[in-house]
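Just so it is clear, none of the values below were taken in a lab; they were calculated from the coordinates. Because the structure is a prediction, the values reported are computed rather than measured. So basically every Cβ, Gly included, is an ideal-geometry build from the backbone, and we count neighbours across all protein chains shown.
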Amino acid sequence: MKGIYKVKSVEETWSLARDFAKELRPGDVICLEGDLGAGKTTFTQALAAGLQAKGRVASPTFCIVREHHCAPGATAPMLVHMDLYRLSSPEDVIAIGWDDYLAKGAIIAVEWPERAGYLIPKGAHHVRFLHSGEEGEESRIIAIDIETQNMV
């Protein structure tokens, strides 16, 4: 599902994320990259729906990690949504259970992934968000597994 996508609404963002969720496998890491308010949590909400995760998906800014267990028979046992903004090193990320989540087969959606440093696996998915500046405040450019310089 690699590509650059222009979305004009929350509904289009949800559709894109749900399609992307179909490609995910246990142990996948998704690096969510973009400014505050760029759509990372909205995208994760739709990922959760696509993965049959239970519970309300909200930003983990203050609690750092939110676990969302998936329905029996779903792609993965859980979706883990992390916001690493307030952490400062890979060692801090390990301390919040990074290795344990991967060992359990969780899919990890991580905001501010640069804080995880060397822990981000080579095969991680990179989803980059950019306000497009056109057609309303919900309009975004979302690049999945494409280098940032190719977004504009």
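A few comments on the model shown:
- Using a cutoff of 8 angstrom between alpha carbon atoms and counting only pairs six or more residues apart, the relative contact order for the chain works out to 33 percent.
- Placing R0 at 30 angstrom, the Cβ-Cβ distance between Glu91 and Lys8 gives a FRET efficiency of 0.15 after rounding to 0.05.
- If R0 is 22 Å, the Cβ-Cβ spacing of Asp19 and Lys122 corresponds to a FRET efficiency of close to 0.40.
- Based on DSSP H segments of at least four residues, each scored -39500 (n - 2.57), the chain has a per-residue ellipticity at 222 nm of -6500 deg cm²/dmol.
- Normalising by residue count, region 93-133 has a Cα convex hull of 90 Å³ per residue.
- Degrees between helix 40-50 axis and first principal axis of the chain (Cα, 0 to 90, nearest 10): 70 degrees
- Cα-only radius of gyration and Dmax that characterise the chain, units Å: 14.5, 43
- Packing order of peptides 123-129, 85-91, highest average first: 123-129, 85-91 (average count of other Cβ atoms within 10 Å over each peptide's residues).
- Its Cα centre serving as origin, region 3-150 has a Cβ charge dipole (Lys and Arg +1, Asp and Glu -1) of approximately 400 debye.
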